[in-house]
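Notes follow once the structure below has been shown.
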């Protein structure tokens, strides 16, 4: 029996998906099935109840999962400690991030990190916020990057910087004449909003409500890039993180205006699974990101 087989079994138990377990371990679904069957033969026990309706471990499967998790964590801690002793920073870091952070905030840090540690491979996946949390909890990725982090007993949350958010509009829009404005001036304006379940939308709605300001949502999107395109055709105004519009403002396809009497900002954070053994590479990557806090 190999530790790799126990890890595959644990990943399967946590994700409840042969497809995800195969993806995490870089093998085929058939290979996952074969390793589970091999463990069942070795322990002479049925580990998973085969049912199309619901994935569930048997009593023996749960015992094997509990002990295997301890073995894997001990092995990973040993491997990490040996790397630290040898001052080795290498390996792969799997990161899931929301689109805006992955496209605008993360690239400079990855570039700086890879320059310092060229033997590390950083694999980035772009996901919706809820999917980032699922991937981290399910061990599909090592680290997640989110805005407006949600507290969860299964997760460790490392606060990073707070992104200032600004009003954006078409360069010919009346609001574009000023560098700053009051939140009351956007009352009744056509507004390009994020979809209701997105944390940034909830935060913007909260601030507007606190100031008694009502806007007129005309479009809703699930990502900042589409929001910006709608504003560029003068379909309405929007409030977005300032870091995401640097290029458009410099090219004068968008105008940005600071709302000076209301606090619009977006806190960012790194999340990872509680009790996860962080490799030296992961620790250094988190440390680099924390420098921005």
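Within the range 95-109, track down each residue that is closer than 11 Å to residue 145 by Cβ and in contact with a strand residue (DSSP E or B) (Cβ under 8 Å, 6 or more places away or on another chain). It would help to see each step written out before you state the result.
Step one: list which residues in the range 95-109 are closer than 11 Å to residue 145 by Cβ, which gives 95-102, 105-106, 109.
Of everything in the range 95-109, those that are closer than 11 Å to residue 145 by Cβ and in contact with a strand residue (DSSP E or B) (Cβ under 8 Å, 6 or more places away or on another chain) turn out to be 95, 96, 97, 98, 99, 100, 101, 102, 105, 106.
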Task: Among the candidates 118, 108, residue that is in a loop (DSSP other than H, G, I, E, B) and loosely packed, with under 14 Cβ neighbours inside 10 Å - done: 118
Task: Single unsatisfied condition, residue 43 versus (1) out of contact with any helix residue (DSSP H, G or I) (no Cβ under 8 Å at 6 or more places or on another chain); (2) under 24 Å from residue 76 (Cβ atoms); (3) exposed (fewer than 15 other Cβ atoms within 10 Å of the Cβ) - done: (1)
Task: Residue in the range 121-132 that is nearest to residue 269 (Cα to Cα), counting only those that are out of contact with any helix residue (DSSP H, G or I) (no Cβ under 9 Å at 6 or more places or on another chain) and assigned to a helix (DSSP H, G or I) - done: 132
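Kindly provide the set of residues from the range 195-207 that are out of contact with any helix residue (DSSP H, G or I) (no Cβ under 7 Å at 6 or more places or on another chain) and closer than 15 Å to residue 266 by Cβ, ordered by number. Write out each step before concluding.
The first filter runs over the range 195-207 and keeps only residues out of contact with any helix residue (DSSP H, G or I) (no Cβ under 7 Å at 6 or more places or on another chain), leaving 196-197, 200-207.
Passing the criteria: 200, 201, 202, 203, 204, 205, 206, 207.
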Open item on the list: Of the conditions (1) modelled with pLDDT of 85 or more; (2) surrounded by fewer than 18 Cβ atoms within 10 Å (Cβ to Cβ); (3) not in a helix (DSSP H, G or I), residue 62 satisfies every one except a single condition; which number is it?
Closed with: (3)
Open item on the list: Condition first: under 30 Å from the mean Cα position of the chain (by Cα), at positive phi and not in a helix (DSSP H, G or I). Can you find one or more residues in the range 30-52 that meet it?
Closed with: no
- [ ] Considering (1) out of contact with any helix residue (DSSP H, G or I) (no Cβ under 9 Å at 6 or more places or on another chain); (2) crowded, with 19+ Cβ neighbours inside 10 Å; (3) closer than 21 Å to residue 179 by Cβ, say which one residue 234 fails and leave the rest.
- [x] (2)
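Residues that are not assigned by TED's automatic domain parsing to the domain that holds residue 278: which strands (runs of 3 or more DSSP E) entirely in the range 133-215 hold 1 or more of them?
On the way: elements: 143-147, 155-169, 190-194.
It comes to 155-169, 190-194.
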Task: Members of the range 222-240 that are modelled with pLDDT of 95 or more and not in a helix (DSSP H, G or I) - done: 233, 234, 235, 236, 237, 238, 239, 240
Open item on the list: Yes or no: the range 71-93 includes at least one residue that is surrounded by 15 or more Cβ atoms within 10 Å (Cβ to Cβ), in contact with a strand residue (DSSP E or B) (Cβ under 7 Å, 6 or more places away or on another chain) and part of a helix (DSSP H, G or I).
Closed with: no
Open item on the list: Consider the range 260-293. How many of its residues are within 26 Å of residue 244 (Cα to Cα) and part of a helix (DSSP H, G or I)?
Closed with: 8
- [ ] Determine which single condition residue 251 fails, assuming it passes every other condition in (1) exposed (fewer than 15 other Cβ atoms within 10 Å of the Cβ); (2) within 17 Å of the chain's Cα centre (by Cα); (3) not assigned by TED's automatic domain parsing to the domain that holds residue 95.
- [x] (2)
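Evaluate the following for residue 15: is it outside the structural domain of residue 141 (by TED's automatic domain parsing) and modelled with pLDDT under 90? Give the steps one after another, and end with the answer.
Values: outside the structural domain of residue 141 (by TED's automatic domain parsing): yes; modelled with pLDDT under 90: yes.
Answer is yes for this residue.
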TODO: Those residues that are more than 14 Å from residue 141 (Cβ to Cβ), in contact (Cβ under 8 Å) with a residue 12 or more places away in the chain and assigned to a helix (DSSP H, G or I), I need them from the range 1-20; list them, please.
DONE: 3, 4, 5, 6, 7, 8, 9, 10, 12, 13, 18
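The values are calculated or read from the model by the stated rules, or taken from the named source; none is laboratory data. Worth saying up front: this structure is predicted, and the values here are computed from it rather than measured. Every residue, glycine among them, receives a Cβ derived from its backbone with ideal geometry; neighbour counts consider all protein chains shown.
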